[in-house]
Amino acid sequence: MAGDPGEIATAENVCDDLDFICLLAADDAPVQIRAALLAAEQARAERFWSDISAHRLVGERAVLVDRLLVSLWAHFKLSLEGHFALIAVGGYGRKELHPGSDIDLMVLLTEVPSADQSQKIQQFLTFLWDIGLEPGHSVRTVADCVEESTRDITVATSLMESRLLTGPAGLFQEMRHCTGRNAIWDSAAFFSAKSEEQVARHHKFHDTAYNLEPNIKEGPGGLRDIQMIGWVVKRHFYADSYSELLSRGFLTEPEYDSLVAGQNFLWRIRFALHLVAGRREDRLLFDYQRELASRLGYHDRTECLAVEQFMQDYFRSVRELRCLNEVLLALFREFFLHGSEEAEVIPINKRFQVRNRLLEAIDDTVFRRRPLALLEMFLVLQSHPGMKGVHPETIRLARDHCYLIDDNFRDDPKAHALFLRIVRQKRGVAHGFRRMHRYGVLSAYLPVFARIVGQMQYDLFHAYTVDDHTLGVVRNLREFSQAHRYLEFPHCMEVFKRIERPELLYLAGLLHDIAKGRGGHHAQLGAEEARRFCEHHGLPDDERDLVSWLVRHHLLMSMTAQKQDIGDPEVVQRFADQMGNRSCLDHLYLLTVADIRATNPDLWNGWKETLLKDLYEATASNLECGSKAFPKPADLVASTRRRAQELLLGKGTDEAAIKDLWQGLGNDYFLRTVPEDIVWQTEAILKNSEAEPRLVHVRQIRGGTEVFVYTRDQDYLFAATTAVFNGLELNVMVANIHTAPNGMSVDTYIVLEAASGAPVSDAHRKAQIRGRLRQALARPQEVACAEMRMPQRRYRHFLIPTTVQFFPEEEVSATRMEVVSADRPGLLSRIGRVLVENQVHLTTARIATLGERAEDHFLLMDDAGQPLGGATEVRLRECLVAELDTPA
């Protein structure tokens with residue numbers, strides 16, 4: 001549907017001066033026409049990059065294709081068939097041909113064609129393929145069109161946009177009449193069907209436009225949402241321009257301008273995307289985002305990459321278009337479905353009433369007379385659960401009056417009281433914030449929030465824009481209070497019951513990422529913003545302190561659980577000291593779970609749930625009982641051995657065999673292993689009858705799958721084992737490596753399925769792990785050095801230079817090494833090979849993968865069982881950087 005008031009391409013102003021009749025006379029006509037079309041496409045591309053509008057160029061291509069098809073129709077003598085018509089349908093029917101757009105055609109007939117006629121049609125279509133047009137086509141009679149359109153709304157939509165290229169006009173008009181609203185799919189039915197179609201389409205994209213690689217055509221707020229408006233208008237009003245909505249009162253001038261600007265912006269991106277991809281492509285893949293940003297004039301800034309600026313403009317545009325789509329469809333719904341009904345109107349107060357279960361302003365002056373009603377409307381919605389939402393005219397009215405939310409409004413104690421009442425409600429908090437965001441009220445009331453709207457981070461870890469993620473955190477926090485979600489979050493819901501003022505938790509969720517994109521540490525800057533907000537809204541000192549503290553430390557629990565050994569009492573003690581009290585622990589635990597779950601749908605899994613819950617429970621116990629003196633290592637070893645032996649003897653295990661095995665395992669094994677694990681590992685080892693054990697045991701544990709390996713120690717064991725996991729597409733979460741005094745390696749790995757993040761549950765899969773590992777243990781160096789699988793497409797676009805840092809771990813006489821690098825298949829195996837080649841021994845590995853970024857920690861010793869020396873650290877860093885920054 002035409003929207004841009006600029007010049008529309010016609011046969012006279014198309015610059016592609018091609019004489020198709022002469023070209024068709026050539027012996028190699030397909031080759032010459034194909035070359036001519038390619039040259040025309042290249043010329044259009046050059047004009048586009050020199051700033052000619054996509055709107056003009058898509059129309060020019062449609063006119064060029066029109067001329068070609070009419071010439072070919074005559075060339076194959078189809079114009080002599082007086083009862084054949086060639087019809088453009090779909091986007092081609094709208095004269096919207098981007099560089100990679102389909103050429104959708106229909107051959108319309110009065111009757112089923114003869115064999116000779118079918119052959120002519122087939123020759124015509126084959127020639128189109130020969131010259132590179134790749135048409136989509138159908139051959140139908142009018143009766144066929146009626147039958148298909150009645151059955152399928154998408155066919156009815158396509159025919160509604162059809163355009164006669166050549167052939168009998170009467171036949172074309174008959175088809176349009178027989179498939180029009182007076183024959184099938186009246187306006188109300190058409191609207192209902194297309195609305196359901198849009199809902200289903202949005203569901204495919206998780207009802208958000210804020211995806212890492214959005215689809216600019218099909219995604220929410222994309223071109224399909226614009227077309228949806230055009231289809232309804234065309235079906236009911238027979239209108240070919242959005243300007244028709246202006247005269248009929250469905251669109252205001254600012255909305256019309258936004259609609260046209262949004263369409264032109266998306267057309268510009270789509271045209272550029274097709275050129276950069278070299279084919280039809282409607283997904284803004286990472287493969288193209290950087291180049292598109294550069295080609296469209298964006299430049300890197302200190303605090304923001306060019307690609308992030310480009311994507312922020314995109315996300316802001318589709319957010320506005322989606323809101324327009326929502327308002328207009330709601331207006332259409334009232335017009336088509338309730339227009340003839342007598343509305344049920346229920347007064348609420350002097351400013352609002354309920355119409356057909358929708359909140360409605362009493363009149364158009366409500367917000368001018370009382371600007372605070374811009375906040376009050378959300379409180380009214382929360383207080384009346386029977387309402388379905390806000391009337392579209394009131395949404396429009398609110399959007400048009402957001403300018404009233406100025407500094408005086410933001411400083412008004414009455415506004416503060418209203419906002420806090422909204423946050424303190426027992427229902428509708430998350431929905432209220434989302435509505436406030438869509439209508440522009442939230443950004444107007446909190447200018448700091450406006451800065452993060454549409455802001456993305458160019459990585460694989462953060463799946464959504466900062467504003468969408470933030471509102472997702474609030475939603476997740478609210479779910480912990482909803483009884484019907486108990487089976488999903490039983491522990492979180494028990495913790496939530498102890499939260500006395502949940503509104504403070506919601507405010508921390510709303511503000512935790514408020515300083516993203518400013519440079520500096522966003523948590524620290526955000527804590528300052530949170531304190532200012534709380535002071536401005538008159539919260540007491542203790543509430544200000546808690547909200548600010550939560551924002552400052554919102555990453556602490558996640559980083560502690562994933563990067564440190566939470567089985568170490570000293571780690572728990574340090575974390576408990578940072579918490580200070582049980583209330584802070586409760587609040588931070590809930591905020592952490594909500595934050596992780598809203599960051600990326602693939603990020604939350606049973607293992608992370610287990611880590612956080614274990615850290616929470618250990619810290620709660622510490623806070624309840626108070627800090628204790630840590631037992632001496634010798635006492636801890638004796639206690640652990642004693643308890644494990646009691647359990648084993650109770651199961652009838654031979655005492656002499658236990659002592660003989662344990663004598664060779666060394667004290668470190670008992671320091672790092674709990675009695676229950678010692679019991680089953682001892683049983684497994686004693687049952688093994690191999691002279692040279694290659695014992696592999698796979699079992700399910702809470703949140704993950706544990707793989708126990710007991711074999712003769714040798715070089716490349718860690719590298720080979722992780723190579724096997726890589727080949728089986730398993731992700732390693734934790735690795736505990738122990739080389740015993742008896743020369744045996746006693747290793748434990750926690751793994752998850754790479755695709756799903758779930759534990760290994762299938763018996764066949766567990767047997768596969770055992771079999772592959774046993775084979776690898778017989779030839780570890782060969783397995784460790786084997787070629788790795790290639791990284792997924794997405795990962796190849798993120799270049800993360802490897803950094804290696806070393807930290808002393810005096811308590812265990814070791815060195816902790818942190819490696820930050822691009823995640824890829826075989827990363828751990830490559831690190832393991834470098835450790836072997838530098839005579840460095842690994843005792844523990846903790847793996848943290850943040851999207852495309854790996855942040856892994858390794859506890860290391862030298863050959864003498866001592867911390868690494870400075871020279872070794874320098875050499876190891878150089879070798880790791882060389883290995884990991886060189887393509888595999």
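The values are calculated or read from the model by the stated rules, or taken from the named source; none is laboratory data. Not measured: the values here are computed from a predicted model. We place every Cβ from the backbone using ideal geometry, glycine too, and count neighbours over all the protein chains shown. To get the accessible areas, we keep the full protein, side chains included, count just its heavy atoms, and leave off ligands, DNA and RNA. Shrake-Rupley method; radii C 1.70, N 1.55, O 1.52, S 1.80 Å.
See the values below:
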item	result
Failed item in (1) open to solvent by 70 Å² or more (accessible area, probe 1.4 Å); (2) modelled with pLDDT of 90 or more; (3) of a type in the set (Asp, Glu), with GLU341 passing the rest	(2)
Exclusive hit being within 23 Å of ASP257 (Cα to Cα), open to solvent by 10 Å² or more (accessible area, probe 1.4 Å) and polar (S, T, N, Q), set SER383, SER317	SER317
Condition check for ASN349: of a type in the set (S, T, N, Q) and assigned to a loop (DSSP other than H, G, I, E, B)	yes
Test set (1) open to solvent by less than 60 Å² (accessible area, probe 1.4 Å); (2) touching a residue at least 12 places away in the same chain (Cβ under 8 Å); (3) not aliphatic (A, V, I, L, M) - ASP144 fails condition number	(2)
Residue match in region 647-655 (condition: part of a helix (DSSP H, G or I), within 22 Å of ASP565 (Cα to Cα) and open to solvent by 30 Å² or more (accessible area, probe 1.4 Å))	no
Residue within region 786-801 that is modelled with pLDDT of 85 or more and more than 29 Å from the chain's Cα centre (by Cα) present	no
Exclusive hit being part of a helix (DSSP H, G or I), in contact with a helix residue (DSSP H, G or I) (Cβ under 7 Å, 6 or more places away or on another chain) and more than 25 Å from LEU23 (Cβ to Cβ), set SER79, SER118, SER71, SER149	SER149
Residue satisfying condition, being within 26 Å of SER829 (Cβ to Cβ), at pLDDT below 90 and open to solvent by 30 Å² or more (accessible area, probe 1.4 Å), within set ASP677, ASP668	ASP668
Out of PHE367, PHE352, PHE433, PHE378, sole residue that is in contact with a Lys or Arg (Cβ under 8 Å, 6 or more places away or on another chain) and surrounded by 19 or more Cβ atoms within 10 Å (Cβ to Cβ)	PHE378
Residue that is farthest from LEU546 (Cα to Cα), among those in region 466-503 that are of a type in the set (A, V, I, L, M) and open to solvent by 10 Å² or more (accessible area, probe 1.4 Å)	LEU487
Which listed residue is charged (D, E, K, R) and surrounded by 23 or more Cβ atoms within 10 Å (Cβ to Cβ), from ASP541, ASP586, ASP595, ASP565	ASP595
Entirely in region 184-289, the helices (runs of 4 or more DSSP H) that have 1 or more residues that are buried (at least 22 other Cβ atoms within 10 Å of the Cβ) and within 31 Å of the chain's Cα centre (by Cα)	187-204, 223-237, 253-277
Residue match in region 493-503 (condition: assigned to a helix (DSSP H, G or I) and either of a type in the set (Ser, Thr, Tyr) or at positive phi (or both))	no
Near pairs, Cβ below 6 angstrom, 6+ apart or cross-chain, from region 124-135 (touching a residue at least 24 places away in the same chain (Cβ under 8 Å)) to any residue that is surrounded by fewer than 17 Cβ atoms within 10 Å (Cβ to Cβ)	LEU128/PRO135; ILE131/ARG34; GLY132/ARG34
Residue count for region 42-93, restricted to those that are more than 30 Å from GLY297 (Cβ to Cβ), aliphatic (A, V, I, L, M) and open to solvent by less than 50 Å² (accessible area, probe 1.4 Å)	9
Test: ALA758 is surrounded by 14 or more Cβ atoms within 10 Å (Cβ to Cβ), small (Gly, Ala, Ser) and within 15 Å of GLY826 (Cα to Cα)	no
Boolean, GLY262 is of a type in the set (Gly, Ala, Ser) and farther than 23 Å from ASP313 by Cα	no
Matching option when the condition is of a type outside the set (Val, Ile, Thr), within 32 Å of the chain's Cα centre (by Cα) and not in a helix (DSSP H, G or I), among ASP586, ASP565	ASP565
Enumeration of residues in region 182-223 that are in contact (Cβ under 8 Å) with a residue 40 or more places away in the chain, charged (D, E, K, R) and closer than 20 Å to ARG438 by Cβ	none
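Table: residues versus (1) open to solvent by less than 30 Å² (accessible area, probe 1.4 Å); (2) within 36 Å of the chain's Cα centre (by Cα); (3) at pLDDT below 95; (4) hydrophobic (A, V, I, L, M, F, W, C).
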| residue | (1), (2), (3), (4) |
| --- | --- |
| LYS95 | no, yes, yes, no |
| LEU109 | yes, no, yes, yes |
| ALA115 | no, no, yes, yes |
| ILE121 | yes, no, yes, yes |
| LEU125 | yes, no, yes, yes |
| GLU134 | no, yes, yes, no |
